[in-house]
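Undergrad: Here's a structure for you.
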Amino acid sequence: MKLRSPLFAPGDSDRKIAKALALPADAVILDLEDSVAPSAKDAARATVAAALRSTERKAVVRINPAGSEWHLADLAAIVPARPAALMLPKCEGAHHLRTLDAALSALEVAAGMEVGGLKIIAIATETAASVLHLASYPGTPRLLALAFGAEDLSADLGIAPRLPDGSYPAPVAAARAQMLVAAGAAGVPALDTPYPDPRDPDALAREAAAAAADGFAGKLCIHPDQIGPVNAAFTPSEERVGWARMVAEAFAANPGAGVISWNGKMLDRPHLKLAERILSAL
């Protein structure tokens, strides 16, 4: 599953779900958490389950956090509808994923699904406590990606999520960097936090380009107009793709080589690893 431009759609709106599923986002995230009022949770759960069953396009579902009063009911309703993946908010480390893994395994057996087949995108920096456990993710079952959440983290710290120039305050920036390293250690993509103002495409494009340069694989979107700029930022340039193909072909022609000379430059296995990552984004 490509994850350049995952687009959120509120789970309590049939109209917005249908619109989102028809858009060119890499993935659609049907939301049962922040965009749904407590009084509408039950109805939204039924709406999302029905949408999953009625569309050929697979969608991710953001369930409510572990420990919330809606979490288990979300799982019971959504897992049998076979989403593409689940998104777990307020994830505070691998122990949350292991607990969720056990619940999902039981539900998968009951639904006749492959045990372990349903993957999880963990929003891994929404609380200060979650940042302390970023090193716990390598080897965690079902992990599909880690997502950076700046807004909730800043609220937990009692600070603004962005400074006047658009940059992050020191603790938010530190958490962002730590999560990128954690995703690399776990061998999964990292997804950047949404840009909060859909009316400012230029600022979005700058932030998305910076995220791509830092190593993020995609950026969460909260408005359809954000899909195009985000897809553009996370699509490798023709020059970069050409370089990656050249490196891959050179090593394919010399499978036993650790180092290859090309145009007077030395290429080694880390170059091949980078090339493979670039080509996987196509």
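The values are calculated or read from the model by the stated rules, or taken from the named source; none is laboratory data. Being a predicted model, the structure only gives us computed values, none of them experimental. Quick reminder, even Gly has a Cβ in these numbers, built from the backbone with ideal geometry, and neighbours come from all protein chains shown. What goes into the accessible areas is simple: the full protein's heavy atoms, side chains included, and nothing from ligands, DNA or RNA. Shrake-Rupley method; radii C 1.70, N 1.55, O 1.52, S 1.80 Å.
Undergrad: Only Cα pairs within less than 10 Å get springs; with that Gaussian network setup on the chain, which residue of Lys19, Lys41, Lys219 has the largest fluctuation?
TA: Lys19
Undergrad: Obtain the nm distance between the two label points defined at Arg277 and Ser167 by a simple spin-label model: each point lies 7 Å from its Cα along the Cα-to-C-beta direction.
TA: Result for the modelled spin labels: 2.4 nm.
Undergrad: If you stretched the chain out fully between Ala46 and Asp197, how much longer would it get, using 0.36 nm times the residue separation minus the C-alpha to C-alpha distance?
TA: 51.4 nm
Undergrad: Give the residue from Ile278, Ala173, Pro194 lying farthest towards the positive end of the charge dipole for region 152-282; charges sit on Cβ (+1 for Lys and Arg, -1 for Asp and Glu) and the dipole is referred to the Cα centre.
TA: So the residue we want is Ile278.
Undergrad: I'd like the antiparallel share, as a percent to the nearest 5, of DSSP beta bridges with both residues in the chain.
TA: Beta bridges within the chain, antiparallel portion: roughly 15 percent.
Undergrad: How many percent of the accessible area of the chain is carbon or sulfur, using a 1.4 Å probe?
TA: Answer for the chain is 57 percent, counting heavy atoms of protein chains only.
Undergrad: Of Thr125, Ala183, Leu143, whose Cα points farthest to the positive end of the dipole of region 81-207 (charges on the beta-carbon: +1 Lys, Arg; -1 Asp, Glu; origin at the Cα centre)?
TA: Leu143
Undergrad: Continuing with this model, one more query. Compute the angle between helix 238-253 and the longest alpha-carbon principal axis of the chain, please, reported from 0 to 90 degrees and rounded to the nearest 10.
TA: The answer is roughly 70 degrees.
Undergrad: What FRET efficiency comes out for Ile159 versus Glu69 if R0 is 30 angstrom and r is the Cβ-Cβ distance? Round to the nearest 0.05.
TA: The formula returns an efficiency of 0.55 here.
Undergrad: Keeping all protein chains in position, work out how much accessible area Ile260 exposes to a 1.4 Å probe, and write it in Å² to the nearest 10.
TA: 20
Undergrad: Taking just the alpha-carbon atoms of the chain, what radius of gyration and Dmax come out, in angstrom?
TA: Both quantities, over Cα of the chain: 19.7, 66 Å.
Undergrad: Rounded, prolate or oblate, given the Cα gyration tensor of region 91-247, with a/c below 1.5 counting as rounded?
TA: Oblate, because a/c is 1.5 or more while a/b does not exceed b/c.
Undergrad: For Arg53, Arg245, Arg199, give me the order by solvent-accessible area with a 1.4 Å probe, most accessible first, ignoring ligands, DNA and RNA.
TA: Correct descending sequence by accessible area is Arg199, Arg53, Arg245.
Undergrad: Note the angle between two axes, namely the Cα long axis of helix 269-280 and the longest principal axis of the Cα atoms of the chain, as a number of degrees from 0 to 90, rounded to the nearest 10.
TA: 50
Undergrad: If you build a Gaussian network model of the chain, linking Cα atoms that sit under 10 Å apart, which residue out of Thr125, Thr235, Thr193 swings the most?
TA: Thr235
Undergrad: Let me ask something additional. Just subtract the alpha-carbon distance of Ser105 and Ala128 from 0.36 nm times their residue separation and send over the number in nm, one decimal.
TA: Gain on stretching Ser105 to Ala128: 5.4 nm.
Undergrad: Pull out the extension gain between Ala135 and Ala252, defined as 0.36 nm times the separation in residues minus the alpha carbon to alpha carbon distance; nm, one decimal.
TA: Length gained, Ala135 through Ala252: 38.7 nm.
Undergrad: With a 1.4 Å probe and every protein chain left in place, work out the accessible area per residue of the chain in Å², rounded to a whole number.
TA: In whole numbers, the chain has 46 Å² accessible per residue.
Undergrad: Within region 1-26, whose backbone N sits under 18 Å from a point 7 Å along Cα→Cβ of Ala232?
TA: Hits in region 1-26 for Ala232 at 18 Å: 4-6, 24-26.
Undergrad: Between their Cα atoms, which of Lys16/Lys41; Lys2/Lys119; Lys2/Lys41; Lys90/Lys273; Lys19/Lys41; Lys2/Lys273 are more than 24 Å away from each other?
TA: Check vs 24 Å cut-off fails for Lys2/Lys41; Lys90/Lys273.
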